[in-house]
Amino acid sequence: MEQLAKFEEYRKCYPEFWYNCYSAYEDEKTIYLEYEFEIPNLAKFHPKLQIDKKNLPLKSIDTLQARNMIFHIGMVELISYWKCTCSPKVVLQCGYLSPKQIEWWKKLYFYGLGELFYCNKIQTDRESFMEIQCKGKEEFVYPEIQEPSEGYIVPIGGGKDSVVTLETLNRNQEDYGLIINPKPTTLKCAQIAGIDEEHIIEIRRTIDKNLIELNSKGFINGHTPFSAMLAFVSYFIAYLTSKKYIALSNENSANESNIVGEMVNHQYSKSFEFEKDFTEYTNQYLRAPVKYFSFLRPLNELQIAKIFAKQEQYHQIFKSCNVGSKGKEWVWCCNCAKCLFAYIILSPYLYPEKLISIFKEDLFQKQELLDTFLELTGNRETKPFDCVGTFEEVNFAISKVIQRSEQNQRELPYLLKYYKEHYELVDTTQDITKNYHEENNLTKEQNEMLRKALFQEG
């Protein structure tokens with residue numbers, strides 16, 4: 001069935017999606033968050049989050065303020081299940097949102113699902129794609145924002161970005177790393193950064209098997225705004241642990257759309273627009289003394305790669321490949337856009353021998369990556385739907401490497417030779433690694449930390 005026809009048929013057959021309830025309870029070792037969603041006449045879903053308590057000094061989860069945050073985590077979680085049928089009405093059986101809040105959520109859902117709509121050829125608009133109806137009554141009395149606490153929570157993804165944040169922030173031993181669904185790679189990155197086990201907050205997110213079954217049957221599937229989930233979960237953790245800052249590692253490059261002239265951004269929930277929206281929303285409706293911001297927002301991907309290239313202790317550990325993360329061991333698959341982008345963006349700062357030691361093969365020699373290579377350089381209709389940098393950064397890096405190779409009289413590998421023969425090199429004298437984006441949410445002190453790390457690299 002054509003995807004648009006499927007979209008319309010499912011909306012007709014399954015006109016409502018219900019957010020039935022949420023619960024939170026704990027034992028000595030773990031906090032449990034559980035949710036129930038339902039598509040009437042199709043399926044019920046029970047996703048779960050488990051937070052390891054370890055010996056952390058935590059606030060109570062049994063307060064109106066904590067329950068409000070837990071409800072909001074469910075508002076992000078539900079989108080993974082709603083997308084199966086894209087039901088035109090979402091009914092909140094267990095909570096309340098004001099009309100202004102509803103508009104906020106519709107914006108997040110619509111733009112956070114921009115890639116899903118585009119890839120499934122679904123034509124809809126922000127106003128009509130979803131109605132949110134509240135059956136719950138408002139019970140939360142918004143408290144005055146308390147005196148701010150201190151310290152950082154740093155979400156760790158296992159890639160170069162969170163590593164640069166870990167190494168650049170002036171942290172102390174009482175700060176926390178936060179990892180959702182930990183893998184040996186993410187835990188090892190935290191360990192190398194000097195975060196002891198008791199200060200690694202581990203969260204396990206479980207997807208309901210009914211969703212996986214519907215996906216296998218051909219129900220609507222695609223990318224959802226996971227970083228928005230991370231935002232609300234990390235906010236809740238910062239509240240429980242009395243930390244002031246959540247230091248994300250989203251760079252300025254995340255703001256670029258994947259489709260020229262359209263608002264279709266794989267990284268929408270990593271964008272500065274979402275960061276600002278989230279700050280305004282939480283200040284008004286969640287009101288914890290927590291500041292959510294991206295520490296790397298002033299930087300582009302090239303600058304992050306430039307700093308990371310000096311952090312050799314992570315070079316054999318870090319991973320960014322989503323394909324390679326699905327097995328027991330997280331590896332570079334060396335066949336996807338994420339792998340090729342990481343290889344490209346590091347190539348001006350690491351010689352080929354070093355890159356090959358990291359990735360285990362020379363990605364510039366892989367002819368089968370040509371189409372992906374051209375998508376990354378802006379010579380195809382779309383940029384790959386993945387967390388990759390801008391066309392400007394990619395073309396700058398490639399031009400820089402070609403120039404260096406020619407100066408050293410090295411033979412160009414296949415992809416670089418193809419680029420040299422078909423496209424003009426960019427002017428690398430206009431050094432984009434000298435830029436610094438002032439539109440950010442860093443404090444003066446945090447900006448100084450980052451500038452020092454960037455510009456002392458030469």
Quiz item: Relative contact order for the range 1-62: what is it in percent, counting Cα pairs under 8 Å that are at least 6 residues apart?
Solution: 27
Quiz item: What accessible surface, in Å², does a 1.4 Å probe find on Tyr418, ignoring ligands, DNA and RNA and rounding to the nearest 10?
Solution: 50
Practice problem: Mind pulling up the Rg/Rh value for the range 322-401? Radius of gyration and Kirkwood radius, both on Cα. | Solution: 0.95
Self-check item: Under the Karplus curve 6.51 cos²θ - 1.76 cosθ + 1.60, θ = phi - 60°, whole-Hz ³J(HN,Hα) for the range 20-25, x wherever Gly or Pro sits
Solution: 6, 6, 9, 8, 9, 8
Quiz item: Taking only the alpha carbons of the range 1-65, what extent do you get along each of the three principal axes, in Å, biggest first?
Solution: 53, 22, 18
Quiz item: Tell me, what HN-Hα J-couplings in whole Hz come from the Karplus equation 6.51 cos²θ - 1.76 cosθ + 1.60 at θ = phi - 60° for each residue of the range 120-134, using x for Gly and Pro?
Solution: 9, 6, 8, 9, 8, 9, 4, 7, 9, 5, 7, 10, 10, 10, 9
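In square nanometres, what is the average projected area of the Cα convex hull of the range 173-268?
With every direction weighted equally, the projected area is 8.8 nm².
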Practice problem: Tell me which residues come under 5 Å, amide H to amide H, from Gly136 once H is placed; ignore anything under 5 positions away on its chain. | Solution: Cys94, Gly95
Quiz prompt | Amide H contacts of Asn441 (H built 1.01 Å from N, under 5 Å, at least 5 apart or other chain) | solution = Ser294
Quiz item: Taking Cα pairs under 8 Å and at least six residues apart, what relative contact order does the chain come out at, in percent?
Solution: 15
Exercise. Could you grab the Rg to Rh ratio for the range 243-303? Cα atoms only, Kirkwood for Rh.
Key: 1.03
Self-check item: Given Lys183/Lys319; Lys54/Lys188; Lys53/Lys319; Lys29/Lys59, the pairs whose alpha carbons are separated by over 20 Å
Solution: Lys53/Lys319
Practice problem: Enter the accessible area per residue of the chain (Å², integer; probe 1.4 Å; all protein chains in place). | Solution: 43
Practice problem: Jot down the per residue volume, in cubic angstrom and as a whole number, of the convex hull over the alpha-carbon atoms of the range 350-453. | Solution: 154
Quiz prompt | Distant-in-sequence amide H partners of Thr30 (H built 1.01 Å from N, under 5 Å) | solution = Lys53
Exercise. Please compute P(r) over all alpha-carbon pairs of the range 33-72, binned at 10 Å starting from zero, and give each bin as a whole-number percent.
Key: 22, 42, 25, 9, 1
Quiz item: Between Lys326 and Cys119, what is the label-to-label distance in nm when each label sits 7 Å out along the Cα-to-Cβ direction?
Solution: 1.2
Self-check item: DSSP-defined beta bridges in the chain - what % are antiparallel, rounded to 5
Solution: 50
Quiz item: Among 238-247, 6-15, 326-335, 296-305, how do they line up from the highest to the lowest mean number of other beta-carbon atoms within 10 Å?
Solution: 296-305, 238-247, 6-15, 326-335
Exercise. Pull up the cross-link candidates among the aspartates and glutamates for Lys420, meaning alpha carbon to alpha carbon under 19 Å and not fewer than 8 places away within one chain.
Key: Asp362, Glu368, Asp371, Glu375, Glu392, Glu393, Glu406, Glu411
Practice problem: Using a 1.4 Å probe and ignoring any ligands, DNA or RNA, find the accessible area of Thr429 and quote it in Å² to the nearest 10. | Solution: 110
Quiz item: So which trypsin sites (Lys or Arg not before Pro) in the range 336-399 pass both tests, a DSSP loop state and at most 16 other Cβ atoms within 10 Å of the Cβ?
Solution: Lys360, Arg380
Exercise. Which order do the peptides 393-399, 167-173 take when ranked by the mean count of other beta-carbon atoms within 10 Å per residue, highest first?
Key: 393-399, 167-173
Quiz item: Given the convex hull over the Cα atoms of the range 257-375, what projected area results after averaging over all orientations, in nm²?
Solution: 10.2
Self-check item: Compactness index (Cα Rg / 2.2 N^0.38 Å), the chain
Solution: 1.00
Quiz prompt | Residue-averaged [θ]222 nm for the chain, counting only DSSP H segments that reach four residues, each worth -39500 (n - 2.57) | solution = -11500 deg cm²/dmol
Quiz item: What is the extension gain from Lys417 to Lys107, computed as 0.36 nm multiplied by their sequence separation minus the C-alpha to C-alpha distance, in nm to one decimal?
Solution: 107.3 nm
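The values are calculated or read from the model by the stated rules, or taken from the named source; none is laboratory data. Worth saying up front: this structure is predicted, and the values here are computed from it rather than measured. So basically every Cβ, Gly included, is an ideal-geometry build from the backbone, and we count neighbours across all protein chains shown. Accessible surface is based on the protein model in full, side chains and every heavy atom, while ligands, DNA and RNA are left aside. Shrake-Rupley method; radii C 1.70, N 1.55, O 1.52, S 1.80 Å.
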